[in-house]
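Okay, structure first, notes after.
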There are 2 protein chains.
Amino acid sequence: MKNVPFLSTEIRDGFWKYYQDLNRTVTVRAVYDRFQETGRFDALKCSWTKGQPNRPHIFWDSDVAKWIEGAAYILQGQSEPELETIVDELVARVAKNQRADGYFNSYYLTIDPGNEFTGRERHELYCTGHWIEAAIAYHRATGKDTLLQCMLKNIDYIYEVFVVRQSAAFVTPGHQEIELALLKLYDYLGNVKHLELARFFLNNRGNNDKEQPDPQITAHMPVREMRTAVGHSVRAGYLYTAMAMLAKADNDAELKTACLALFEDIVNRKMAITGGVGAEHSGERFSYPYDLPNSDTYNETCAAIALALFCGAMQELDTDSRYSDVIERIYFNGFLSGVSLDGDKFFYTNPLEIDQKKYQRSTYQPISQRVKVFGCSCCPPNVVRMLASIPRYAYAVAEGHIYCNQFISGSTVLEVNGQSASLELTTNYPCDGRLHFAYHGPDVRLHVRIPAWCVEYTGPTHKGYAEFDLTDGAELTVDLPMEVHFVEANPDVQDNAGRCAVTRGPIVYCMEGVDNGENLRDITLLDNGTYHIAAENFPAPVIYMEACRRPKTERLYYPRTNRRQKFTAKLIPYFAFGNRGATDMLVWAMVQ
Amino acid sequence: MKNVPFLSTEIRDGFWKYYQDLNRTVTVRAVYDRFQETGRFDALKCSWTKGQPNRPHIFWDSDVAKWIEGAAYILQGQSEPELETIVDELVARVAKNQRADGYFNSYYLTIDPGNEFTGRERHELYCTGHWIEAAIAYHRATGKDTLLQCMLKNIDYIYEVFVVRQSAAFVTPGHQEIELALLKLYDYLGNVKHLELARFFLNNRGNNDKEQPDPQITAHMPVREMRTAVGHSVRAGYLYTAMAMLAKADNDAELKTACLALFEDIVNRKMAITGGVGAEHSGERFSYPYDLPNSDTYNETCAAIALALFCGAMQELDTDSRYSDVIERIYFNGFLSGVSLDGDKFFYTNPLEIDQKKYQRSTYQPISQRVKVFGCSCCPPNVVRMLASIPRYAYAVAEGHIYCNQFISGSTVLEVNGQSASLELTTNYPCDGRLHFAYHGPDVRLHVRIPAWCVEYTGPTHKGYAEFDLTDGAELTVDLPMEVHFVEANPDVQDNAGRCAVTRGPIVYCMEGVDNGENLRDITLLDNGTYHIAAENFPAPVIYMEACRRPKTERLYYPRTNRRQKFTAKLIPYFAFGNRGATDMLVWAMVQ
């Protein structure tokens, strides 16, 4: 099973069209402006000198490269001459300043020449990885190969330093990314040297006498022995993605076993209901099993993206709808919460509960309002590139089979048994669950994912898919009943004991103070009460639901009473929280 | 209304007899041993030199003085020659090393001579305050006046430096204590100079151009303007105690108004159900209203003691049983939790919830096991002096009236209208609520506090007291129905939303992992279930109660189910938690 490239799907309308347009018209430009202001693009000139503002930083190349990758994805869909000119100019700076031996990293070339590859934690190979992804994207979008050639030369140099001469001060990178990028490049160009280099980094990880074991950077044991997710959740996610890609490329059963265990450890023990991962803010890392705090959690936007990438790679390794279930959970919740509804502000961390009063405490609280710029700005360009390529995991094909994994209204061109085919999907998903397919092409079996949330679906499924044999001209309607659900967390998740999340379809809901007043934790939603769905100023419906809360009192402690005030609670999609000023927010509510 | 000195009450048996004996036979000696080992007593020799172990610390004098105060209280009750010899020796060191001008602080005399009174935050006057309390106690217990004379001379010097010459680098102390000690001394000796010095420190506090306002040390505004409790909760409590004492001594209505507001702010908005205060561990301070976290709270043992002292002073300022209600809450819960059942280990902080797994996080968690020694060891000697003087707020008298505020089985001698009287109380309190009084003396009105927890009491009360006119030889039985209650916290206490504490009489209960297994937060106690009380190996009964919990599952998220497993939960007195090895603990449980 092979994922169909996102470009094959033209998004026609609906939910993702809104975000695709927002990304193209607002987000990519907003991130550009912030990067321009902060000197990230100028840094590529490699001309910064002491005393000037905007001193280059070790991770700036990665920010720029991710932005270029996102811009390239946009260019791939349609002509944007202004954007293309900008990228050409940035690429020219890289080409101009690349060292004769192939080395390129604007920070080291400018600030610390001669000390390349001396610091494992200094993000050089991480930057290179993003440059590689950008180069592939830009080459694919425009046919221009300047950046790709630069990176091929750069990789040759890295291969020489790390594999042949082994002259770097470390063996494997402190921040993963190059591994998956090399595997993507191998998939793109087929050059086995790139596969070899990826394999080198993966096989030596936690497995080389020259390096100290370090769980924080997922370098604590050989990758094939890994069974539990630990450490920095973005780095871990990028590593696991590369492991799954290599497992497929090499048909490596041991590696696949590790990937399966890691996936299960994450989604069964270490993932917020929003798909957010990395609960421990100190170290931005996975915490112990079932430690999923709501208020002071981390859940970095990039970590949600990294988990989606991992699931996308697993989807090619193991035919099961559960990977797409997780991707969907991430897309509609913990990833999308990372960007504001107006497209130019971002969350780095994505809490599941905000009590504005807690900001009076001196202890850590995640920011409660999206901001336009971060010093460490990995998330905004990551949002740009993901939004620009949303259909990347929508379809997959295997011989004679099409898998519809994500439900995006639009048309997709595919290759079925060597012949061209097209599949139109008309849907209002995730606002409702009706999927209407129209197919043209050779006989095929269409596998439509029945999401795990859709417990009311009664038809037969196989590995999470409903199967339909289609012939040329076939039309098919699949209805996914989209009820409102109260969802419990495992009893081991102590923070959610006695509480449920409200979901409808793939969307997790939350209450905000601006709608529901103070003390959200004291609200009880009524299971046997009435509710109704309404379309309002959000990309997905809101829910009005009968609820009750305790009346105000002056007393601090008093004998238990059943006095409650009924009211109608308003729930909005979690991803849309924090768009109406600073206010409280809660996902996990009491239900009775 | 004037509190009757604790010595007037001889504890005969029951709950407090256990703790009084434990204190005399174990606790006072355990603290002595730790102080001896750590050089706190040797520091009084003022002979420490560089390179020696156990470098004296600025607050060690206060530790030693509190221990002497506690030892003196024990000596007041009975002869303990060994203890008296120890104290005599320590007092001799003070007398020997006191400077000719009257100054005494072992740290400054040894480590930093010439820099006396240069650092507001360096605890000099705090230490002096404790020396004063120790001097009064030892003089009262033994008639020996060496320490008292030392301190009178010391106070004269302080008066000269602070009031006359105004030559200190600060005006009012950074850690309060001397104010209440001076007022206690004024009460003891009647020397108006001591009252004046106390008034000087209180009136200048937050009210002197030479000092920056500082809420952390409760020096942010003039004391008469204070309405809300802020800052370091021990310092604040000692300050409020002194304010209440001065309000009474000066009949100062403005100060009384401030004290009433501060009391109400604390007990209506900032006090744990255990009587613990100081919710914010950073700064060991009061947090914002209703911020009463359970797990990462602070609730220092000394802060509970300080609040009890404040309530004891308020009790003399304003006849109302609510002050005694709070004292009782503290005594049986947040104070007593500070010491182990075997008497030689202590908590500095007193959390209301412990999840052992959380100690894997990098964020702050209070210690979950009492320890024998702390570097900052203010709490253990504070426990010693409080346990040795438990009846200090049990009785109060006013002309023709006796107030019974705390229920301690024993006999008390009092003065009623200038005549000697005795009141015997026979009770098993707090194990049950029957109080049997036998009175000898002139006609008197006895006011028996009806605790606020006793909502089932149906007789008439006035300001929280049931009133009985007694004549010589009268006997009286008062029954306080002692039911098990589920107690809610104000809806503004977000951490306790949907949860209740279990109380019986004055005792708050908790569940421990050692009795109830994992995931205490997931346990639901059944309001309509059965329960029974049992006497076990604790100084107060345990409660067995029907409860349920969710069964184990592998799934992380799943649609709400009503599947529950019934079991019998065991609840033990909160003060006794953490005495059976490291285990989880929970006060606030779900109830349905």
Filter on B:K2/B:K345; A:K2/A:K463; A:K2/A:K256; A:K17/A:K463; B:K17/B:K372; A:K2/A:K66 - keep pairs with C-alpha separation over 26 Å: B:K2/B:K345; A:K17/A:K463
Cα-centred dipole magnitude for chain B, charges only on beta-carbon of K, R (+1) and D, E (-1), debye, nearest 20: 1600
Label-point separation in nm, B:D13 to A:H440, each point 7 Å along Cα→Cβ: 9.9
Mean ellipticity per residue at 222 nm, deg cm²/dmol - from DSSP H runs of n ≥ 4 across chain A, formula -39500 (n - 2.57): -10000 deg cm²/dmol
Under 18 Å from the Cα of A:K153 - lysines, other chains or at least 8 residues apart: A:K96, A:K144, A:K184, A:K193
10 Å binning of all Cα-Cα separations within the protein assembly as shown, expressed as whole percents from 0 upward: 2, 9, 16, 18, 16, 14, 11, 8, 5, 2, 0, 0
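Can you sort A:K372, B:K357 so the residue with the fewest Cβ neighbours within 10 Å comes first?
Ordered from fewest to most neighbouring Cβ atoms within 10 Å, A:K372, B:K357 come out as A:K372, B:K357.
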Nearest-20 debye value, region A:11-112 charge dipole, Cβ charges on Lys, Arg, Asp, Glu: 220
Degrees between helix A:28-37 axis and first principal axis of chain A (Cα, 0 to 90, nearest 10): 60
Inter-label distance, nm, simple model (7 Å from Cα along the C-beta direction), A:Q419/B:D342: 8.3
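Restricting to Cα pairs below 8 Å that are 6+ residues apart, what does the relative contact order work out to for chain B? Please round to a whole percent.
On the way: 1227 pairs, mean separation 79.4, N = 592.
Value for chain B: 13 percent.
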Relative contact order for region B:313-389, counting Cα pairs under 8 Å that sit 6 or more residues apart, in percent: 27
Using alpha-carbon coordinates, inclination of helix B:81-97 to the longest axis of chain B, degrees: 40
Nearby lysines by direct alpha-carbon distance to B:K358 (threshold 16 angstrom, same-chain neighbours under 8 apart not counted): A:K270
Peptide A:479-492, shielding by other chains (average Cβ, 10 Å cutoff): 4
Neighbour-count ranking [beta-carbon atoms within 10 angstrom, fewest first] of B:D101, A:D320: B:D101, A:D320
Inter-copy separations for B:K45, label at 7 Å along Cα-Cβ, nm, ascending: 7.2
Sites A:Y558 and A:T530, calculated FRET efficiency, Cβ-Cβ separation with R0 35 Å, nearest 0.05: 0.70
Charge dipole (debye, nearest 20) of the protein assembly as shown; +1 at Cβ of Lys and Arg, -1 at Cβ of Asp and Glu: 840
Signed unit charges on C-beta, dipole axis of chain B, positive-most listed residue B:M226, B:S287, B:F162: B:S287
Separation of alpha-carbon centers, region B:241-316 and region A:515-533, rounded to whole Å: 35
Residues B:T301, B:T427 arranged by fewest to most Cβ contacts within 10 Å: B:T427, B:T301
Nearest-ten-degree value, helix A:192-204 long axis tilted from longest Cα axis of chain A: 60
Percent RCO, i.e. relative contact order, over region A:248-341, from Cα pairs under 8 Å lying at least 6 residues apart: 27
Chain B, closest residue to the rotation axis toward A, by beta-carbon, whole angstrom: B:G498, 3
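Rule-based calculations on the coordinates, nothing more; no lab input. Small disclaimer: the values here were computed from a predicted structure and weren't measured. Ideal geometry is used to build each Cβ from the backbone, glycine not excepted, and the neighbour counts take in all protein chains shown.
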